[in-house]
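The values are calculated or read from the model by the stated rules, or taken from the named source; none is laboratory data. Predicted model, so just to flag it, every value in this text is computed and none were measured. Here the Cβ is made from the backbone with ideal geometry for all residues, glycine too, and neighbour counts use every protein chain on show.
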Amino acid sequence: MNRDTLIEAINAKLDAGRLKDYCPNGMQVEGRDEVKRIIISVSASEKLFLEAAKQKADLVIVHHGLIWNSYSGIIRGSYKKRVKALLDNDITLAAYHLPLDRHKELGNNILIAKALGLEELKTFGDYKGTDLGWQGKLSAPLSVEKFTQLLEAVCGGKVDRYGDGKSEISTVAIVSGGASDCANEAAVRGVDAYVTGEVCESVVRFSEEEGLHFFAAGHYATERFGIKALGEWISAEFGLEVIYLDLPVPV
């Protein structure tokens with residue numbers, strides 16, 4: 001399939017230009033024109049790109065790409081290694097950040113919400129006037145211990161809990177990744193538990209004082225969902241070979 005035609009189709013599916021993001025969404029590094037094999041993964045790295053080259057991939061699609069608004073423009077060190085691995089092997093890189101968090105079908109947050117069995121869903125997690133996450137209700141209240149076990153099963157690893165809320169959890173809000181600042185919105189809305197990827201220092205006492213259970217389930221772990229779903233959509237829609245590479249980090 002033609003690379004640009006495929007990228008345009010993904011951009012349209014994810015409505016990639018709707019939000020002003022921390023990075024450009026879509027193609028970030030141009031490789032060969034034709035795409036037969038695609039590697040998908042959560043985060044850009046030299047390790048990922050070298051493995052993609054070994055597997056003769058034409059396109060790599062990630063959630064966390066190479067180019068960010070804070071990027072200085074200097075290509076050196078680890079950044080040089082990553083760029084070199086792509087250019088030497090003529091591999092295209094595409095990245096989808098907030099579009100793959102907020103999407104109502106393929107997004108990280110809706111998929112976590114559904115995996116937890118949340119009902120009565122409504123959007124949550126304001127970012128510049130657009131909600132990125134979801135809020136919902138468990139079919140039956142769970143003890144803090146049981147909910148923690150459920151969340152660990154869904155996200156595939158240990159989660160950390162902060163705060164001091166109710167003995168049972170009924171309502172849950174979710175924004176994947178590094179969204180600890182949305183704890184304030186969770187407290188205002190009166191939900192029992194807020195789930196994100198990472199915790200920041202200020203949230204610990206805040207959650208105690210607000211009676212909120214704050215769960216840090218891992219930035220990487222909470223953002224596997226969307227990229228995997230995107231890969232499945234591409235495979236079903238276009239009949240292309242899509243391979244998911246899991247290169248986990250403990251954060």
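Observations, loosely collected:
- Positions within region 31-43 being surrounded by fewer than 23 Cβ atoms within 10 Å (Cβ to Cβ) and over 15 Å from Met1 (Cα atoms), in sequence order: Ser43
- Taken over region 48-63, the criterion of being within 21 Å of Leu100 (Cα to Cα) and free of Cβ contacts under 8 Å to residues at least 40 places away in the same chain is satisfied by Val60 alone.
- Subset of region 71-105 that is in contact (Cβ under 8 Å) with a residue 24 or more places away in the chain and in a loop (DSSP other than H, G, I, E, B) - its residue that is surrounded by the most Cβ atoms within 10 Å (Cβ to Cβ): Tyr96
- Sole residue being closer than 28 Å to Glu237 by Cβ, surrounded by fewer than 24 Cβ atoms within 10 Å (Cβ to Cβ) and not hydroxyl-bearing (Ser, Thr, Tyr), chosen from Leu150, Leu116, Leu138, Leu132: Leu116
- Yes/no for Ile61 being surrounded by 12 or more Cβ atoms within 10 Å (Cβ to Cβ) and under 14 Å from Asn11 (Cα atoms): yes
- From the options Leu116, Leu142, Leu132, Leu138, residue that is at pLDDT 95 or above and within 21 Å of Lys13 (Cα to Cα): Leu132
- Applying a threshold of 9 Å to beta carbon distances and a minimum spacing of six or more residues, or different chains, the list of pairs starting in region 210-232 at a residue that is touching a residue at least 24 places away in the same chain (Cβ under 8 Å) and outside the structural domain of Cys155 (by TED's automatic domain parsing) and ending at one that is in a helix (DSSP H, G or I) and hydroxyl-bearing (Ser, Thr, Tyr) is empty.
- Residue ID - farthest from Val144 (Cα to Cα), chosen from residues in region 113-130 that are among the aliphatic types (A, V, I, L, M) and assigned to a loop (DSSP other than H, G, I, E, B): Leu118
- Residues (over 22 Å from Gly177 (Cβ atoms) and either of a type in the set (A, V, I, L, M, F, W, C) or in a loop (DSSP other than H, G, I, E, B) (or both)) located in region 131-143: Leu138, Ala140, Leu142
- Restricting the first member to region 116-131 and to residues that are under 20 Å from Tyr22 (Cβ atoms) and in contact (Cβ under 8 Å) with a residue 24 or more places away in the chain, and the second to residues that are β-branched (Val, Ile, Thr) and in a loop (DSSP other than H, G, I, E, B), the beta-carbon pairs closer than 9 Å and six or more apart or on different chains are Phe124/Val175; Phe124/Val191; Gly125/Val175; Tyr127/Val175; Asp131/Val175.
- Flag set for Lys122, criterion: modelled with pLDDT of 95 or more and surrounded by fewer than 15 Cβ atoms within 10 Å (Cβ to Cβ).
- Search result, residues across region 43-80 that are over 20 Å from the mean Cα position of the chain (by Cα) and within 22 Å of Ile243 (Cβ to Cβ): Leu50, Glu51, Ala52, Ala53, Lys54, Gln55, Lys56, Ala57, Asp58
- Every pair of residues 6+ apart whose Cβ atoms lie under 7 Å, when the first sits in region 143-156 and is under 14 Å from Gly117 (Cα atoms) while the second is part of a helix (DSSP H, G or I) and at pLDDT 95 or above: Val154/Ile112; Val154/Ala115; Cys155/Ala221; Cys155/Thr222
- From Lys36, Lys13, Lys56, residue being over 20 Å from Trp233 (Cβ atoms) and of a type in the set (Lys, Arg): Lys56
- The set of residues in region 153-169 being on the phi < 0 side of the Ramachandran plot and buried (at least 16 other Cβ atoms within 10 Å of the Cβ) consists of Val154, Cys155, Val159, Arg161, Tyr162, Gly165, Ile169.
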